[in-house]
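J.: My structure is below; once you've seen it, I'll send some questions.
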Amino acid sequence: MLFVISGPSGCGKSTLIKRVRRALCDLEFSVSHTTRPPRPSEKDGVDYHFVSARVFERMAREDRFLEHARVHGHLYGTSRAEVARKGRRSDVVLDIDVQGARQVRRRVPGAVLVFIMPPVAAELRRRLEKRSEDSPEAVARRLRNARAEVRAYGEFDFVVINDDLGRAAADLKTVITACRRRPSAMAGRLGPILRSFRKGRT
Ligand code: ADP
Ligand code: 5GP
C-alpha cells in the first residue's frame, strides 16, 4: 500500500513519519529526488537524493518519476524505481506536496492520502523559524504557499491536525493501521485461515 503524507512545509510531516515508522513495522520511506541544496542536518540518500537540475530533468524526460513538481522554487520527485524497490516487501510512505499528491491520486488507484494540518498559522511560522534551517526568504515563501495548500485538505482521505505531537502521531498510526485492516490488504494473512476451513479439514 502507498501512503501519501502532504501538508504545508513546517507542519511536521517528517517528524510524524519518523515517529510512526518507529512504532509500526513494514513501512518504508521513499527518499525523493530534489534540486534543493541540502540543509545543514540533511544527508544525501537519507533525507533526499540531492541532484542537479540537469539530472532531474533527464529523469523526468525518461519518465522515471511517479510524480514530480516544482515546490517553493525547487524541483522534487518520487522515483518509480525507489517506490518499486521499497514496495516489494513493505508499505511505502511518501512525504510530498499537494501537487504531487494529486498526481499520485490519478496514477495509483488505492493510494491513501493523508493531509497534515498545522494547528494555527502562527504556529506554522514558529515551527519554520524554530527549525532554523531555511533562510528568512525561504520561510516567507513557504508561509505564503501554505495559504493555498491548507485549502486542499478536502481532496485527501484523512486529515490529522498536528497540535500535540504524541496525539498526532497516534492519529496517523490509527489511519495506517485501519487501512491495513481492509479486506484487500488482508489477503496474505487470510489465506491460511480460509484454507483451514476447507471441507475435510474441520
Ligand atoms: P515538515 O516535514 O512538514 O516540513 P518538520 O517535521 O521538519 O516539518 O517540522 C518542522 C519543525 O516543527 C521541526 O523543528 C519539528 O521539530 C517541529 N514540530 C513538528 N511537530 C511539532 C509539534 N506537534 N509541536 C511542536 N513542534 C513540532
Ligand atoms: P522541504 O524542502 O521542506 O524538504 O520540502 C518542501 C516541500 O516539498 C514539502 O511540501 C515536501 O512534502 C515536498 N516534497 C518533498 N519531496 C517531494 C517529492 O518527491 N515530490 C513532491 N511533489 N513534493 C515533494
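What follows is calculated from the coordinates using simple rules that are stated; it is not laboratory data. Given the structure is predicted, the values throughout are model-derived calculations rather than measurements. Neighbour counts run over all protein chains shown; Cβ positions are idealised from the backbone, glycine included.
J.: Taking 7 Å along the Cα-to-C-beta vector as the label spot, tell me the Ala148-Glu133 distance in nanometres, rounded to one decimal.
T.: So the two model labels end up 2.5 nm from each other.
J.: Continuing with the same structure: Where in the stretch 95-157 are there GluC sites (Glu not before Pro) that are in a DSSP coil and have at most 16 other Cβ atoms within 10 angstrom of their Cβ?
T.: The qualifying sites are Glu133.
J.: For the stretch 78-175, what's the relative contact order in percent, using C-alpha pairs closer than 8 Å and at least 6 residues apart?
T.: It comes to 31 percent, rounded to a whole number.
J.: In straight Cα distance, which aspartates and glutamates are under 18 Å from Lys86, not counting same-chain residues fewer than 8 positions off?
T.: Cross-link targets: Asp26, Glu28, Asp44, Asp47, Glu67, Asp95.
J.: What number, rounded to the nearest 500 deg cm²/dmol, is the helix-based mean residue ellipticity at 222 nm of the chain, given -39500 (n - 2.57) per DSSP H run of at least four residues and division by all its residues?
T.: Mean residue ellipticity, 222 nm, calculated: -14000 deg cm²/dmol.
J.: Place a +1 charge on the Cβ of each Lys and Arg in the stretch 49-202 and a -1 charge on the Cβ of each Asp and Glu, then give the dipole magnitude about the Cα centre in debye, rounded to the nearest 20.
T.: 1020
J.: Right, here's the next one. Restricting to the chain, compute how many DSSP beta bridges are antiparallel as a %, nearest 5.
T.: Of the beta bridges lying entirely in the chain, close to 30 percent run antiparallel.
J.: Further question on the same structure: Starting from the Cα of Phe197, step 7 Å along the direction of its Cβ; do the same at Arg70; then give the gap between the two resulting points in nm.
T.: 5.5
J.: Next question. How do Thr35, Thr177, Thr78 line up, fewest other C-beta atoms within 10 Å first?
T.: Ascending Cβ contact count within 10 Å gives the list Thr177, Thr35, Thr78.
J.: Return a whole-number percent for the relative contact order of the stretch 2-180, with Cα pairs under 8 Å and 6 or more residues apart as the contact set.
T.: Relative contact order of the stretch 2-180: 33 percent.
J.: Could you tell me which of Phe115, Ala69, Ile176 has its Cα farthest along the dipole of the stretch 2-180 towards the positive end, charges placed at Cβ (Lys, Arg +1; Asp, Glu -1), taken about the Cα centre?
T.: Ala69
J.: Grab the Cα-Cα distance for Ala121 and Ser41, subtract it from 0.36 nm times how many residues apart they are, and report the gain in nm with one decimal.
T.: This chain segment gains 26.3 nm when fully extended.
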